[in-house]
Structure formats: structure tokens, C-alpha cells
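Q: One structure is given below, represented as C-alpha cells, and several questions about it will come after.
The values are calculated or read from the model by the stated rules, or taken from the named source; none is laboratory data. This is a predicted model, so every value here is computed, not measured. All Cβ positions, glycine included, derive from the backbone under ideal geometry; neighbour counts span all protein chains shown.
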């Protein structure tokens with residue numbers, strides 16, 4: 001045994017000085033935490049060994065994936081190191097997003113605003129019962145009148161009657177409410193029946209100031225207009241009641257209508273009973289249309305036929321009439 005060991009030593013000494021053998025360091029790994037608690041182990045770049053140089057190995061300019069750049073079993077160590085440095089971090093599949101739905105629940109005791117209805121006359125069916133069959137009749141009336149007039153142009157329409165019990169104010173207010181329900185319409189009702197005003201009482205607003213004060217120059221027009229308890233509807237009341245029409249009515253009323261057309265889409269004028277105030281009747285050409293209101297049973301009476309001719313003689317544009325019944 002000792003002879004064999006001596007022979008090996010002599011052979012080694014004959015070859016020259018021994019080359020130090022450096023053991024390869026184990027390749028370190030870095031743990032990367034992925035989404036959902038997944039952990040991926042990615043090999044860290046390996047530092048060049050003192051013995052095995054990788055200077056000649058080119059650095060990859062792209063980032064190949066493991067699937068696109070397999071490493072054969074016979075690949076030299078330097079090539080293996082190159083692949084190790086060029087390996088990209090694997091991309092984990094994006095989990096399906098879960099969006100959070102929200103809803104607000106108000107715990108305060110705030111009262112929600114409600115339309116003011118006190119003072120509104122009970123026979124204003126278009127407001128109180130918008131789906132009532134009679135309300136549907138007012139919707140048809142709205143459509144018929146609108147079809148006669150230019151679309152998209154502000155209109156001033158005068159309603160008048162041959163008798164006080166024809167229901168002119170009732171028809172006008174229900175039509176105004178129907179028009180105002182369309183949020184694109186700005187509607188104004190004007191009480192030109194200054195001798196027997198009733199619009200302010202039917203809508204529950206102040207009776208003055210109003211048309212009388214405006215035409216007489218006591219108050220600017222904008223100051224006399226009031227909001228009604230109906231959205232998109234405003235009121236120009238009659239003002240201080242008098243049996244005498246202001247002397248300037250015939251001249252100033254058409255000017256007033258011209259101003260109101262710039263502010264509103266629809267101006268509905270309650271002209272009261274035709275013939276009671278000649279100055280007011282003479283101003284009828286300032287309206288874009290005149291409609292007569294009469295009871296259904298009175299359409300054949302001579303007074304009604306005479307009224308139709310009278311409006312035309314004064315230059316009013318008579319476009320139709322509305323019959324009423326109870």
C-alpha cells in the first residue's frame with residue numbers, strides 16, 4: 001500500500017505544480033412574491049467564476065422566455081450563464097377584476113321638496129290628475145294648437161269668450177299646465193281680464209302688481225311677473241282691479257307681447273268676455289292667434305257667429321274655437 005502511494009506522489013511531482021481546483025459556488029435564487037400570495041423562484045445572475053470567464057459570451061439584446069430559448073443539455077457553461085442572465089421574469093395571469101358596487105343611504109331627516117299645491121283650484125285637472133281622461137283632452141288641445149303655429153317660434157295666444165260662463169280661464173290654465181309639463185317650454189299666463197280678474201286666485205298667487213301697473217308705467221314688466229306653483233309656469237296677474245281699461249292698452253299691449261316673446265315659449269292671454277273692454281279687444285292683432293271659448297250648446301247661437309266676424313274685422317287672426325261642457 002505504501003509503495004503504491006509513493007508511486008502516485010512521484011508521478012504527480014513529475015507533471016509540475018498543482019493547479020488549484022475551485023469548486024463552483026451554488027447558484028443563488030431570489031424569491032419574488034407574486035399576486036395572490038404566489039411565489040416565483042427566479043435564478044439570480046451568476047458572477048463570473050475566477051476560472052470560467054464569460055467575457056466572450058455576447059449579452060442578449062432581447063428578452064427571450066424560457067420556452068423560446070431552451071438550453072440543451074450539452075450547452076457549455078458560459079452559454080448557460082448567458083441564458084441565466086437573459087431569462088425574463090415570468091408573467092402571471094391577470095386575475096379577473098372584481099368591481100365594488102356602491103349605493104348611498106341617507107340617514108338624515110331632510111324633507112324632500114314637494115310641489116306647492118296650496119291655493120291651486122280644484123278644477124285644474126291637468127295638475128291634480130294628469131292621467132285623467134279630461135287631462136288627456138287638454139293634451140290633444142295642446143297638440144292641435146301647436147300644429148297650427150310655427151314650430152320652435154315663441155307664440156302669444158289670446159283666449160276670449162262670448163259669455164262669462166264659457167270657462168275661458170279654466171281652459172287657459174289647464175292648457176298652460178299641460179304645456180309647462182314639457183320641460184322645454186317656458187310658459188307665462190297673462191290675466192288681461194282686468195275688470196274681473198281670476199287667474200291669481202286660481203293659482204294662489206298675489207293679484208298685484210301686474211298688468212295694470214306695467215301698462216301704466218308704474219312698474220317694470222320683469223318686476224310684475226310671479227312664479228306659479230307649477231314648474232316652468234309664471235304669472236302676470238291683472239294688477240289692481242278696475243272697470244276701466246288703461247288708456248294705453250291698445251298701444252302698449254302689443255309692445256308688451258313683443259317683449260314677452262323674448263322670454264317665453266308660450267304666452268297665454270286671458271281676454272275675458274269679448275266686447276266688455278273695447279281697448280283690449282282692439283289689441284287682438286298683437287297676438288299670434290285668437291281662440292274663442294264657448295259652451296258646446298252655444299255654438300249655434302247668433303252671438304257666437306257675430307263674435308267670429310268681429311274678431312276678424314279688428315284684424316285678429318282667428319284660428320279656431322274651443323267648446324266646453326260639464
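Q: Tell me which residues, restricted to the stretch 167-214, are within 17 Å of residue 231 (Cβ to Cβ) and in a loop (DSSP other than H, G, I, E, B).
A: 181, 182, 183, 184, 185, 186, 204, 205
Q: Based on what the data block shows, is residue 139 touching a strand residue (DSSP E or B) at 6+ places or on another chain (Cβ under 9 Å) and either surrounded by fewer than 21 Cβ atoms within 10 Å (Cβ to Cβ) or not assigned by TED's automatic domain parsing to the domain that holds residue 238 (or both)?
A: The answer is no for residue 139.
Q: Additional query: Out of 134, 153, 157, I need the residue that is modelled with pLDDT of 80 or more, assigned by TED's automatic domain parsing to the domain that holds residue 270 and assigned to a loop (DSSP other than H, G, I, E, B). Which one?
A: 153
Q: Let me ask something additional. Scan the stretch 290-307 and give yes if some residue there is in contact with a strand residue (DSSP E or B) (Cβ under 7 Å, 6 or more places away or on another chain), assigned by TED's automatic domain parsing to the domain that holds residue 169, farther than 20 Å from residue 167 by Cβ and surrounded by fewer than 16 Cβ atoms within 10 Å (Cβ to Cβ), otherwise no.
A: no
Q: Then there's this: Looking only at the stretch 204-233, how many residues end up being out of contact with any helix residue (DSSP H, G or I) (no Cβ under 8 Å at 6 or more places or on another chain) and either buried (at least 21 other Cβ atoms within 10 Å of the Cβ) or not assigned by TED's automatic domain parsing to the domain that holds residue 189 (or both)?
A: Total meeting the criteria: 1.
Q: For residue 162, which of the numbered conditions (1) crowded, with 19+ Cβ neighbours inside 10 Å; (2) at pLDDT 90 or above fails to hold?
A: The single condition residue 162 does not satisfy is (2).
Q: Just the residues that are more than 35 Å from the chain's Cα centre (by Cα) and at pLDDT 90 or above, please, taken from the stretch 220-251.
A: Scanning the stretch 220-251 gives 238, 239.
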